[in-house]
Amino acid sequence: MTIQEKFLKIKAFAFDVDGVLTDGGILADLNGELYRVFDSKDGMAIRMAVVEGFHMAIITGGRSESIRKRFASCGIKAEDVYLGSRAKMEDFEDFCSRHGLKPEEVMYFGDDLPDIPVMEACGCGACPSDAVDEVKAIADYISSRPGGKGCVREVIEMVMKLQGKWELDVEDYKKKF
């Protein structure tokens with residue numbers, strides 16, 4: 001199956017956070033609060049996918065509530081943000097089950113070893129250009145961009161353009177955001 005054929009089947013996206021939606025760097029203050037930097041273009045692509053009816057999930061080992069708040073602002077429902085995930089396949093299966101999705105209808109975007117089982121199970125596994133070698137070896141698509149620098153935007157845009165859904169409907173956007 002070609003990558004275009006896989007992209008045409010996508011109805012949902014699921015993402016790891018650190019190293020995918022961020023560059024993997026984490027700042028910590030003296031109180032232990034963790035800070036991440038997100039790319040605003042990735043956020044806009046997620047919002048456009050939400051407007052077009054794609055289901056979205058965050059499956060991350062990170063535990064900070066700031067992650068849930070960040071992605072709520074992108075239209076991802078709180079119940080679709082899996083924090084502290086240590087068994088990503090279980091969370092992926094829960095996401096698919098709750099939304100009536102087949103694994104082959106979901107693109108999963110990961111960058112490191114804990115992401116491999118989900119990337120092998122989903123319909124299309126994607127990764128940033130700076131993912132670990134083991135992830136690159138099994139990815140269906142490797143972004144030209146590194147984590148946290150628009151790699152998510154690149155892939156969402158490609159999928160939506162191929163499906164004829166990459167157009168901002170300002171009225172729908174205003175209603176949802």
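The values are calculated or read from the model by the stated rules, or taken from the named source; none is laboratory data. Every value quoted in this text rests on a predicted model; they were computed, and no experiment measured them. Cβ coordinates were reconstructed from backbone atoms using ideal geometry, including for glycine residues, and neighbour counts include every protein chain displayed. When the accessible area is computed, the model is the full protein with side chains, heavy atoms only, and any ligands, DNA or RNA have been set aside. Shrake-Rupley method; radii C 1.70, N 1.55, O 1.52, S 1.80 Å.
Below are the figures for this structure:
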| read-out | value |
| --- | --- |
| Carbon plus sulfur fraction of accessible area for segment 137-177, probe 1.4 Å, in percent | 47 |
| Probe 1.4 Å, protein heavy atoms only - accessible area per residue of segment 1-69 in square angstrom | 49 |
| Cα gyration tensor, the chain - rounded (a/c under 1.5), prolate or oblate | rounded |
| Hz values of 3J(HN,Hα) by residue in segment 83-100 - Karplus curve (6.51, -1.76, 1.60), Gly and Pro given as x | 8, x, 5, 10, 10, 4, 4, 4, 5, 4, 5, 4, 4, 4, 4, 5, 9, x |
| Mean separation of Cα contacts under 8 Å, 6 or more apart, over the residue count of segment 1-126: relative contact order % | 30 |
| HN-Hα J in Hz across segment 9-14 - Karplus 6.51, -1.76, 1.60, θ = phi - 60°, x for Gly and Pro | 8, 6, 10, 8, 10, 9 |
| Selected from GLY100, SER64, ALA121, residue furthest toward positive end of dipole (segment 59-131; charges at beta carbon) | SER64 |
| Cα gyration tensor shape for segment 29-81, rounded if a/c is under 1.5, else prolate or oblate | prolate |
| Flagged links, alpha-carbon separation over 20 Å, of LYS41/LYS174; LYS9/LYS102; LYS6/LYS41; LYS11/LYS77 | LYS6/LYS41 |
| Ellipticity estimate at 222 nm from DSSP helix runs (n ≥ 4, -39,500 (n - 2.57)) divided over the chain, nearest 500 | -11000 deg cm²/dmol |
| R0 of 45 Å, Cβ-Cβ distance ALA137-GLU171: FRET efficiency to nearest 0.05 | 0.55 |
| Straight-distance crosslink candidates among aspartates and glutamates, where the alpha carbon sits under 19 Å from LYS175 and sequence neighbours closer than 8 are dropped | GLU52, GLU167 |
| Qualifying trypsin sites (Lys or Arg not before Pro) for segment 1-46 [loop in DSSP, other Cβ within 10 Å: at most 14] | none |
| Under 5 Å, built H, 5+ apart or other chain: amide partners of GLY147 | SER129, ASP130 |
| About the Cα centre, charge dipole magnitude for the chain (Lys/Arg +1, Asp/Glu -1 at Cβ), debye | 580 |
| For the chain, share of DSSP beta bridges that run antiparallel, in % to the nearest 5 | 10 |
